[in-house]
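One structure is given below, encoded as structure tokens.
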Amino acid sequence: MTVGRYAFGLGRRLVQLLAGAPARGHPLETGPTTPIHAPDPSETEPSMTAEIDVNDPHYRRMRLAAMLCEAAELEHSLTCQYLFAGFALKREMTEGLTAAELDKVRGWRSTIMLIARQEMEHLGYVNNVLTALGEAPHLVRPDFPLDPAFYETDIDSKLARFDFETLKRFLLFELPERMDHETLKTMTGYFPGLDFATIKTLGGLYTSIAKLLQLCEAEAKEKGETIFIGPKWAEAMTGGSNIENLRPGVDGQMSIYGMNLKPVLNLEDAIHAIKQVLEEGEGAPEHIEGSHFGRFLEIAAEYDRLLQDNPGFDPSRKVVDTPVSKVGYRGVQQKHGTVIEDPLTNKVSLAFDLAYNSMMLMLFRFFMATDEDEADAKAIEDSVFFPVMTVVIRPLGELLTELPAKPGGDGMAGPGFRFDRRIALLPHRTAAFKIIYANLMALNAALTEVAGQMPNQQLNDRIDFVTQNVWRIAQNFANATGIGGEAQ
């Protein structure tokens with residue numbers, strides 16, 4: 001479900017927005033670059049497709065909230081797509097790679113995992129801006145696959161193995177509006193005949209959000225008010241900020257494993273958050289190498305060289321596109337994607353769905369910050385960010401890429417990241433924590449059921465590892481929230 005299918009707008013004018021100038025260009029541009037969108041001097045508002053008057057100030061705040069929700073969905077979607085591609089990369093020379101090729105693929109996996117983590121951070125920033133505006137954090141998203149017209153990006157959103165076509169999709173998702181001549185030449189070689197001006201980029205959406213934030217805040221200040229009316233303590237933050245952490249359960253030492261969320265208290269903080277998202281995503285001509293776009297561009301160059309040396313080079317396992325668990329009851333069966341027919345694989349896939357769903361229920365409570373006390377907030381943090389994401393979601397997702405999607409078939413499965421209809425904020429503290437605990441124990445039971453049934457002992461050992469982790473996470477969560485638990 002999408003809140004509003006707003007077009008992303010054309011400008012990238014962050015510095016100009018901060019300065020109040022009408023000039024166009026990349027927000028961090030310092031040298032000669034080539035625009036891929038033609039300037040439009042008459043543009044005074046972000047381009048929108050909603051059936052409302054875009055110049056009517058009465059709708060600005062509504063549009064701002066809807067665009068932030070769409071940005072959250074896109075960040076969530078990109079996280080899943082990047083993780084899927086990273087999980088499917090080959091890990092051993094026995095999978096048909098030379099030592100040199102495997103070394104490159106290992107580096108790519110690390111890069112993709114880093115980018116996915118930063119996309120999670122961007123999702124956190126978007127939700128902090130929503131909270132600062134008094135809106136509800138937005139964690140829902142539509143299931144894969146998505147038609148290119150769904151978000152008006154003209155880019156497919158689907159779970160797919162990491163090949164050159166997938167890499168090209170990732171480049172378009174992170175496409176900057178201005179590139180130096182060499183980068184534009186490289187991109188034209190990858191996309192012959194493509195008019196880059198037709199790509200409505202994620203960065204364009206953020207620039208439109210920045211402008212609306214400024215417009216709405218300026219209008220509010222004229223009345224002696226502000227649009228930043230949300231409770232400061234409700235935002236998700238990490239350590240390292242020079243602003244006092246206000247969230248219950250966060251004492252300034254909170255570290256979400258490399259994520260660096262800071263509070264959004266005013267317009268300056270909101271614009272700074274958007275600037276960080278733009279710099280890390282599309283980058284800028286003078287330091288494009290550290291951006292997502294620059295990192296993917298570097299991988300593309302290395303991939304191209306490996307293909308020249310070995311035309312048969314394939315870095316990824318042959319996983320099917322958008323795998324979907326087979327479910328035998330109404331209300332959850334996905335209508336699109338590749339249904340997993342292998343009975344054993346389907347059990348593992350259903351377990352992954354439950355793990356992902358449980359993680360999302362915890363994230364809802366974490367970002368909503370309703371009636372948790374200090375211990376509750378710490379219990380959620382300690383459960384969801386490292387243990388569930390790192391020692392449950394990742395190993396299960398990687399394991400699925402080694403199991404067949406269909407009996408006797410060549411295609412392997414993968415994590416479906418299915419977003420069930422039931423995933424939403426559980427509003428009542430004790431009931432919410434008991435449901436989350438019950439989900440974790442159900443996941444433990446489901447994994448115990450398939451223990452010893454994997455095709456080889458290595459996979460059996462990995463299932464045992466995840467099963468033990470889930471039990472431990474469940475008990476720690478139950479004890480920390482005071483809802484009980486089981487003795488070991």
Handout entry: Members of segment 448-471 found to be free of Cβ contacts under 8 Å to residues at least 60 places away in the same chain and surrounded by fewer than 18 Cβ atoms within 10 Å (Cβ to Cβ), listed by number
Key = 448, 451, 452, 455, 456, 457, 458, 460, 461, 464, 468
Practice task
Kindly check whether there is at least one residue in segment 409-426 that is surrounded by fewer than 23 Cβ atoms within 10 Å (Cβ to Cβ), small (Gly, Ala, Ser) and over 26 Å from residue 454 (Cα atoms).
Solution key: yes
Exercise for the section: Just one of (1) at pLDDT 85 or above; (2) surrounded by 14 or more Cβ atoms within 10 Å (Cβ to Cβ); (3) part of a helix (DSSP H, G or I) trips up residue 321, so point out which. Expected result: (3)
Practice task
Assess whether residue 344 counts as being aliphatic (A, V, I, L, M), in contact with a Phe, Trp or Tyr (Cβ under 8 Å, 6 or more places away or on another chain), more than 24 Å from residue 136 (Cα to Cα) and at pLDDT 90 or above.
Solution key: no
Exercise for the section: Would you be able to say whether some residue in segment 132-150 is part of a helix (DSSP H, G or I) and not acidic (Asp, Glu)? Expected result: yes
Practice task
Output yes when any residue across segment 114-122 is at pLDDT below 95 and more than 16 Å from the chain's Cα centre (by Cα), and no when none is.
Solution key: no
Fill in the blank from the handout: Of the residues in segment 370-386, those that are buried (at least 18 other Cβ atoms within 10 Å of the Cβ) and part of a helix (DSSP H, G or I) come to 376, 377, 378, 379, 380, 381, 383, 384, 385
Problem - Meets criteria (within 30 Å of residue 95 (Cα to Cα) and assigned to a loop (DSSP other than H, G, I, E, B)) for residue 416 - result: yes
Exercise for the section: For residue 225, state whether it is at pLDDT 85 or above and assigned to a helix (DSSP H, G or I). Expected result: no
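For segment 400-409, does any single residue satisfy the condition of being touching a Ser or Thr at 6+ places or on another chain (Cβ under 8 Å) and assigned to a helix (DSSP H, G or I)?
yes
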Exercise for the section: Filter segment 178-207 down to residues that are surrounded by 16 or more Cβ atoms within 10 Å (Cβ to Cβ), hydrophobic (A, V, I, L, M, F, W, C) and out of contact with any Ser or Thr (no Cβ under 9 Å at 6 or more places or on another chain), then give me how many there are. Expected result: 2
Exercise for the section: Give me the pairs, please: first residue somewhere in segment 401-413 and farther than 9 Å from residue 345 by Cβ, second residue anywhere and small (Gly, Ala, Ser), beta-carbon distance under 6 Å, and either six or more positions apart or on two chains. Expected result: 401/88; 401/414; 411/405
Practice task
Only residues that are within 25 Å of residue 310 (Cβ to Cβ) and acidic (Asp, Glu): list them for segment 93-120, please.
Solution key: 95, 101, 103
Fill in the blank from the handout: Of those in segment 151-186 that are of a type in the set (A, V, I, L, M, F, W, C) and outside any helix (DSSP H, G or I), the residue nearest to residue 113 (Cα to Cα) is 162
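The values are calculated or read from the model by the stated rules, or taken from the named source; none is laboratory data. Everything numeric here is computed off the predicted structure, so don't read it as measured data. Every residue, glycine among them, receives a Cβ derived from its backbone with ideal geometry; neighbour counts consider all protein chains shown.
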